[in-house]
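Before any comments, here is the structure.
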Amino acid sequence: MRKTQLRADADTKGHNFVTALARGLELLRCFGDASEYLGNAELAKRTDIPRPTVSRLTATLTQLGYLLYLPHLEKYRLGPRVLDLGYRYLASEGVGNIARPFMQELADATDCMIALGVQEGNQITYTQTCQGPGPLILRMQVGSRVPMAHSAMGRAFLAASAPADREALYTLIEADDPENWSATLESLNRAYEDYERYGFCMTEGEWSRDISGVGVPLVLENGQRIVAFNCGGAALRLTRDVMVNNLGPRLKDVVDQVRELVVGGHND
C-alpha cells in the first residue's frame, strides 16, 4: 500500500507538491510501531524510493529527531519527535475526547474492544481504543492500522463517503490487491446493503478469521469530515445475530450520543 499511495500522490501532484517531503513522510509511515527496526535497504524496498535517496532522507530525519539510528544494528526506529506529533494530533482530536467515556462504557458492558479511527490512504488508523475487562479481548493500540476494505470501521467510512471520494479510495484499494478486487468489491457492496438496512457495517472473520466486528461512521462538517467507530472481538463470540441485534444497535447509540455532543458543542 505504501508504494501505491506514494505513486498516487505523485500522479496527482501540482506545482506546490514537494516530492522530498512526501518521500520523507513515506519513510516514517513504514514503521509499524515504535519497536520496529528498519534499515535503508528495507525502507527502499517498502517505498520503491532509490536507496541513495533513502540514505539521505534517513540521515536528515535522524538529525531532526524523527528517527533514531542504532549503529550496532545499522537500522533505524521512530524517534521522539514522531511521538510528539502524535500527541499533538490526539490532543486536537476533540471527537475522541468526547467519545472516550461512551466508548469505555460500551467496552465494559460488552467485553469487546471499541475503537475510533481516521482514514489514512486505504487504511484506517486508530486514534482511540477502549478495552473490555475480559481475557479474550482484541488487543490493539492507538496507531494500529486496519485495511479499509476488510474492516468494519473501514467499510463504515466508505459507506458514508461521497461517491467521488469512494471511487478515489477504490483506486488505491484495487491497486494494492488487483487480483482480488472483484471479490473485494462484492464484499463491499454487501456491506453497503447492511449499512442501508441496519445503519452499520459488519465483518465476519474477513480481515482476520478470528475477528468480527461492527462499524458505524460519524459524519461531521457537512460531510467534509468522517471518522469511524468499531466494536470488535472474537469471531466465535460475535456471531452475525449478536452483531445485528446487540452490538450494532449499541454502537449506533454511542455514535448518536457523540454526534449530539459534538454538533451541539460546535467541536466538529
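Quick note: the coordinates plus some simple rules give every number you see, no bench work behind them. A quick note: this is a predicted structure, and the numbers were derived from the prediction, not measured. Counting neighbours? That spans all protein chains shown, and the Cβs are built from the backbone with ideal geometry, glycine included.
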For the pair residue 144 and residue 209, the simple spin-label estimate (label points 7 Å beyond Cα toward Cβ) gives in nm 2.0 nm
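Can you tally the net charge around residue 55? Count Lys and Arg as +1, Asp and Glu as -1, for every other residue whose Cβ sits under 14 Å from the Cβ of residue 55.
On the way: positive: 23, 45, 51, 56, 75; negative: 42, 74.
My count for the surroundings of residue 55 gives +3.
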Computed ³J(HN,Hα) along region 107-116: with the Karplus parameters 6.51/-1.76/1.60, θ = phi - 60°, integer Hz and x for glycine or proline, the list is 4, 5, 6, 9, 6, 10, 9, 10, 9, 10
Rounded to the nearest 10, the angle in degrees between the Cα long axis of helix 80-92 and the longest principal axis of the Cα atoms of the chain comes to 30 degrees
Shape descriptor, region 93-265: equivalent ellipsoid semi-axes (Cα gyration tensor, sqrt 5λ, whole Å, largest first) stand at 23, 19, 14
Taking Cα atoms, the helix 19-29 axis meets the longest principal axis of the chain at an angle in degrees (rounded to 10) of 60 degrees
Computed, not fitted: 222 nm per-residue ellipticity of the chain from DSSP H runs ≥ 4 (each -39500 (n - 2.57)), nearest 500, equal to -15500 deg cm²/dmol
Among region 111-127, those whose backbone N falls under 17 Å of a label point 7 Å along Cα→Cβ from residue 17 are 121-122
Placing each pseudo-label 7 Å from Cα in the direction of the beta carbon, residue 164 and residue 81 end up separated by a distance in nanometres of 3.6 nm
Once phi for every residue in region 176-184 is put through the Karplus expression 6.51 cos²θ - 1.76 cosθ + 1.60 (θ = phi - 60°), the whole-Hz ³J(HN,Hα) values, with Gly and Pro written as x, are 6, 8, x, 5, 9, 4, 4, 5, 5
Quick calc: nm separation of the 7 Å Cα→Cβ label points for residue 224 and residue 257 -> 2.9 nm
Computed curve, region 202-268, Cα-only Debye sum without solvent term, log₁₀ I(q)/I(0) at 0.14, 0.26 Å⁻¹, is -0.47, -1.02
